[in-house]
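K.L.:
Just passing along the structure, written as structure tokens.
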Amino acid sequence: MRLEQLNFHHLRYFWRVAKLGHLTRAAEELHTSQSAVSAQIRQLEKQLEEDLFIREGRRLSLTDTGQLVFTYADNIFGLSQEMLGRLEGRSAGITRLRVGSVATLSRNYQENWLRPIMSDASVSLTLESGLLEGLLERLVQHQLDVVLANETVPSDPDRPLHCRFLGSQAVSVVGPAQRWESRSLRIPQDLEGVDMALPGPRHALRMQFDALCISNDVRPRMRAEVDDMAMLRLIARDSGWLTVLPEVVVQDELRNGTLVVAGQTSELVESFYAITTPHHHHAEWLDKLLGPGPGPREAGSVAPPNQNP
């Protein structure tokens with residue numbers, strides 16, 4: 001079969017059914033009938049001389065060939081969507097930059113990283129927040145240009161991604177000044193039985209902290225698990241408990257003396273990564289933000305943050 005014989009209209013119908021996993025939903029989205037969608041897919045299977053779906057009653061599952069075709073179709077139509085978005089932005093004289101950020105990432109860090117483009121009127125910024133896996137799915141569908149995360153992603157030949165290290169910042173155990181100002185805790189040894197508010201179990205910091213406590217046979221008394229750093233900041237300020245946080249999140253409270261650093265360890269560090277797809281059609285501004293990558297000294301630095309985490 002030659003390329004000019006491939007019917008991309010049929011391929012698109014197949015792509016939507018495989019993407020949605022449901023014939024009825026795909027037909028509704030495509031504004032046509034189920035029978036018309038089925039007919040298009042059968043014609044594509046006839047052209048390719050391969051079955052793409054295993055039909056078990058109303059249930060459809062991809063064959064091995066169907067999975068392979070879907071992977072390529074996802075790239076083809078994902079890049080087409082990206083192309084249209086880029087052209088739409090260019091026609092309006094703007095560059096669209098679509099950034100996804102994991103919900104647990106410090107808002108200060110996000111703003112610091114994006115600050116270089118905020119004064120450029122030719123850039124239109126879209127910033128989404130969510131769970132890492134959902135953001136990565138949107139990234140591989142070319143609905144996002146970059147995902148900011150505080151953890152790396154595993155290598156996967158079926159989903160090639162580039163993960164660039166951007167930098168890191170120290171993490172401290174902080175607490176109310178009236179109780180902890182005159183004390184210096186060994187972390188984690190002195191946390192046995194101590195009331196603490198911790199990042200949620202999905203947070204990279206929490207995994208580090210739990211591993212550190214387990215290896216030292218230390219059991220703090222967990223009073224709260226909080227995914228959102230802004231909320232954890234409020235709890236650190238108002239609860240009286242110790243909290244594991246990057247100092248940048250509670251910089252105002254540390255500056256005015258409401259909170260103090262009760263202890264630190266080099267084994268607790270939050271790192272930042274920019275995750276992109278490997279194609280070379282990034283927006284110009286994204287390449288500028290990514291830069292050449294930090295050196296050994298730069299890796300530990302974080303730009304001065306604003307007041308709201």
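The values are calculated or read from the model by the stated rules, or taken from the named source; none is laboratory data. Just so you know, these numbers come straight off a predicted model, no measurement behind them. Please note: Cβ atoms are built from the backbone with ideal geometry, for glycine as well, and neighbour counts cover all protein chains shown. Side chains are part of the model used for accessible areas, which takes the heavy atoms of the whole protein and leaves out ligands, DNA and RNA. Shrake-Rupley method; radii C 1.70, N 1.55, O 1.52, S 1.80 Å.
K.L.:
One residue is enough: does region 203-212 have a residue meeting the conditions within 27 Å of Leu125 (Cβ to Cβ), in contact with a Pro (Cβ under 9 Å, 6 or more places away or on another chain), at pLDDT 90 or above and not in a loop (DSSP other than H, G, I, E, B)?
P.N.:
Kept after step one, since they are within 27 Å of Leu125 (Cβ to Cβ), are these residues of region 203-212: 203-205.
Narrowing the set further to residues that are in contact with a Pro (Cβ under 9 Å, 6 or more places away or on another chain) leaves 205.
Right, trim to at pLDDT 90 or above and you get none.
Scanning region 203-212, I find no residue that is within 27 Å of Leu125 (Cβ to Cβ), in contact with a Pro (Cβ under 9 Å, 6 or more places away or on another chain), at pLDDT 90 or above and not in a loop (DSSP other than H, G, I, E, B), so the answer is no.
K.L.:
Follow-up. How many residues does region 252-279 contain that are of a type in the set (Asp, Glu), part of a helix (DSSP H, G or I) and either surrounded by 18 or more Cβ atoms within 10 Å (Cβ to Cβ) or without any contact (Cβ under 8 Å) to a residue 24 or more places away in the chain (or both)? Before the answer, list the steps.
P.N.:
Initially, region 252-279 is screened for residues of a type in the set (Asp, Glu), giving 252-253, 267, 270.
Next, only the ones that are part of a helix (DSSP H, G or I) stay: 252-253.
The next check asks that each one be either surrounded by 18 or more Cβ atoms within 10 Å (Cβ to Cβ) or without any contact (Cβ under 8 Å) to a residue 24 or more places away in the chain (or both); those that pass are 253.
Within region 252-279, residues that are of a type in the set (Asp, Glu), part of a helix (DSSP H, G or I) and either surrounded by 18 or more Cβ atoms within 10 Å (Cβ to Cβ) or without any contact (Cβ under 8 Å) to a residue 24 or more places away in the chain (or both) number 1.
K.L.:
Let me ask you something else. For the structure I just gave you, tell me whether Leu11 is free of Cβ contacts under 8 Å to residues at least 60 places away in the same chain and either surrounded by fewer than 20 Cβ atoms within 10 Å (Cβ to Cβ) or out of contact with any Pro (no Cβ under 6 Å at 6 or more places or on another chain) (or both). Can you show your working first?
P.N.:
On the way: free of Cβ contacts under 8 Å to residues at least 60 places away in the same chain: no; either surrounded by fewer than 20 Cβ atoms within 10 Å (Cβ to Cβ) or out of contact with any Pro (no Cβ under 6 Å at 6 or more places or on another chain) (or both): yes.
Here the answer is no, as Leu11 does not meet what is asked.
K.L.:
Right, next: Six or more apart or on different chains, Cβ atoms under 6 Å: show the pairs whose first residue is in region 47-76 and hydroxyl-bearing (Ser, Thr, Tyr) and whose second is open to solvent by 70 Å² or more (accessible area, probe 1.4 Å).
P.N.:
Cβ pairs passing all conditions: Ser61/Ile54; Thr63/Asp51; Thr63/Ile54; Thr65/Glu50.
K.L.:
Next up: Could you check how many residues of region 178-187 are open to solvent by 10 Å² or more (accessible area, probe 1.4 Å) and of a type in the set (A, V, I, L, M, F, W, C)? Walk me through it before giving the result.
P.N.:
Of all residues in region 178-187, those open to solvent by 10 Å² or more (accessible area, probe 1.4 Å) come to 178-179, 181-187.
Then keep just the ones that are of a type in the set (A, V, I, L, M, F, W, C); that gives 185, 187.
Adding up the residues that qualify gives 2.
K.L.:
Criterion first (surrounded by fewer than 16 Cβ atoms within 10 Å (Cβ to Cβ), over 16 Å from Val260 (Cα atoms) and in contact (Cβ under 8 Å) with a residue 60 or more places away in the chain) does Gly200 satisfy it?
P.N.:
Details: surrounded by fewer than 16 Cβ atoms within 10 Å (Cβ to Cβ): yes; over 16 Å from Val260 (Cα atoms): yes; in contact (Cβ under 8 Å) with a residue 60 or more places away in the chain: yes.
So Gly200 passes the test.
K.L.:
To continue, here is another question. Do you know which residues across region 218-251 are of a type in the set (Val, Ile, Thr) and part of a strand (DSSP E or B)? Working first, answer last.
P.N.:
Narrowing region 218-251 to residues of a type in the set (Val, Ile, Thr): 218, 226, 235, 243-244, 248-250.
Result: Val226, Thr243, Val244.
K.L.:
Within region 174-202, track down each residue that is charged (D, E, K, R) and not in a helix (DSSP H, G or I). Reasoning before the result, please.
P.N.:
Here is the first cut: in region 174-202, the ones charged (D, E, K, R) are 179, 181, 183, 186, 190, 192, 195, 202.
Within region 174-202, Glu181, Arg183, Arg186, Glu192, Asp195, Arg202 qualify.
K.L.:
Step by step: first the residues of region 286-309, then only those that are at pLDDT 65 or above and open to solvent by 50 Å² or more (accessible area, probe 1.4 Å), then the one that is farthest from the chain's Cα centre (by Cα). Which residue is that?
P.N.:
Looking at the filtered set, the residue picked out is Lys288.
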